[in-house]
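Worksheet: the structure to be examined is printed underneath.
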Amino acid sequence: MQGLRRCSNDVVHLGLSPSPPHPKPSSLSIDVAESADTRIRRLISEHPVIIFSRTSCCMCHVMKKLLATIGVHPTVIELDDHEIAALPSPPPSSSDKDDHPRNNIPPSVFIGGTCVGGLESLVALHLTGHLVPKLVEVGALY
């Protein structure tokens, strides 16, 4: 996949592989000279709430619905399999065991530049009452 292509109103398919220069209308800027890792980190820093997903991921759909119910409409980036390796891993939690490696398998949600994790982590934040204050803190919710 090459370049940036809008798949629907709130989902963008991000081509992290270099592409031939040609203009594509989009609200996201892509510099083809950037590495996949640099692009992902820049996108994370530019958007208060961003979800990295695979195409047609049902868990991403649930994440978007939960956030929309609260009043937040995240940026959603769909990654190809070869682009997933550039996705930063979530920070270790106290329940992680040393013999279980952390992974960066989408969907992964980032709030305020910090990896929250997957759907389970997002729901846990919501159920404990920490999600809304975090969204307000990063300016995604007023």
Accessible-area value, HIS126, 1.4 Å probe, nucleic acids and ligands omitted, Å²: 70 Å²
Length gained, GLU137-HIS82, 0.36 nm per residue minus C-alpha separation, equals 16.5 nm
Under 5 Å between amide hydrogens, which residues at least 5 positions from ALA140 or on another chain qualify, with H placed 1.01 Å from N in the peptide plane? none
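The values are calculated or read from the model by the stated rules, or taken from the named source; none is laboratory data. Source: prediction; values computed, not measured. Remember, those area values only see protein heavy atoms, side chains included, never the ligands or the DNA or RNA. Shrake-Rupley method; radii C 1.70, N 1.55, O 1.52, S 1.80 Å.
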